[in-house]
Amino acid sequence: MKYIGHILAHLRKDLRIEWRSRDSINGMLFFALLVVVVFSLAFDPTAAVSRQISGGILWVALLFATVTALNQAWTREQNHQVLEAQRMAPAPASALFLGKAIANMLFVLVVEAVLAPVFIVFYNLHVLGNAWLLALILPLGTWALVVNGTFFAVLGLRTRNRELLLPLLLLPISLPALLGMVEATTGVLTAQLDPLEINTWITQLAGYDLVYTIVCVLLFETVLNAE
């Protein structure tokens, strides 16, 4: 319970800062909506091919939005030596990581909630499969991006070009998860995949999330205290 209290303390701090500034959410919304609008102009929203590529377009928009937020995730901690104080605090370093990752997850979910109706209108979409499966796919896919992105963002804090380093590290590591997100989302939207295949992709996403969450939690203290 004490460990959970540390996580919630970090989470409340990040949520309070974002509520006051709204920097991350505004930036993510801008990039996500820009991608959706540009692709809607490039493809005929009423064509059958638009439905087939809609899953990929959705996750491309969310990927760009997530990278935008994650680049700023630890910048606030560097102001006024806050990150140095976090290192000396008696709380476990992994609690700081999980609090930050959950906060980033909530920011992306807010963007998804705003983006979803816009996406449906622009691409004239009607879900042909089991729509409730999206309630599993979206959070699992989002966590796969956020947990690795939060870890790699702190890994690049001391580098000169950290804005460039994050996507270079995040994209190759996230390729298996991106494949599962796109295939599962497209399968639900088009109903072209068997429910068993969609469940397989969802299971793989859940396994990916579990493995990389454990790895990031175990390695975070080493990365945070590295000089």
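For log10 I(q)/I(0) by the Debye sum over Cα atoms at q = 0.12, 0.14 Å⁻¹, one of (i) -0.66, -0.88; (ii) -0.54, -0.76; (iii) -0.73, -0.93 was computed from the structure I shared and the rest are decoys. Which label?
The value matching this structure is (i).
Hey, what number do you get for the chain at 222 nm if only DSSP H runs of n ≥ 4 count, each worth -39500 (n - 2.57), divided across all residues, to the nearest 500?
So the calculated ellipticity at 222 nm is -28500 deg cm²/dmol.
For the chain, calculate the relative contact order in percent as a whole number, restricting contacts to Cα pairs under 8 Å that are 6 or more residues apart.
Dividing the mean separation by the residue count of the chain yields 28 percent.
Taking the solvent-accessible surface of protein heavy atoms with a 1.4 Å probe, what is the per residue accessible area of the chain in Å²? Mind showing how you got there, number by number?
Numbers: 11450 Å² over 227 residues.
Spelled out: the 1.4 Å probe surface of the chain, per residue, equals 50 Å².
Using R₀ = 45 Å, calculate the FRET efficiency as 1/(1 + (r/R₀)^6) where r is the Cβ-Cβ separation of residue 158 and residue 42; round to 0.05.
Calculated value: 0.70.
What is the packing order of peptides 212-220, 181-189, taking the mean over residues of other C-beta atoms within 10 Å and listing the highest first? Before the final figure, lay out each step's value.
On the way: 212-220: 16.2, 181-189: 24.1.
Highest mean packing first, the order is 181-189, 212-220.
Could you work out how much longer the chain between residue 75 and residue 109 gets when fully extended? Use 0.36 nm per residue separation minus the Cα distance between them, nm to one decimal.
Values: separation 34, 0.36 × 34 = 12.24 nm, distance 2.10 nm.
Answer, rounded to one decimal: 10.1 nm.
Could you check the spin-label model distance between residue 194 and residue 206? Points 7 Å from the Cα along Cα→Cβ, value in nm.
2.0
Over the Cα atoms of segment 178-227, compute the convex hull volume and normalise it per residue, giving Å³.
65
For segment 2-224, what % of the accessible area comes from carbon and sulfur atoms, probe 1.4 Å?
The value for segment 2-224 is 70 percent carbon and sulfur by accessible area.
The values are calculated or read from the model by the stated rules, or taken from the named source; none is laboratory data. On a predicted model such as this, the values are computed, not experimentally measured, just so you know. As a convention, Cβ positions derive from the backbone with ideal geometry for all residues, glycine included, and neighbour counts pool all protein chains shown. Note: accessible area is taken over every heavy atom of the protein model, side chains too, but ligands, DNA and RNA are not part of it. Shrake-Rupley method; radii C 1.70, N 1.55, O 1.52, S 1.80 Å.
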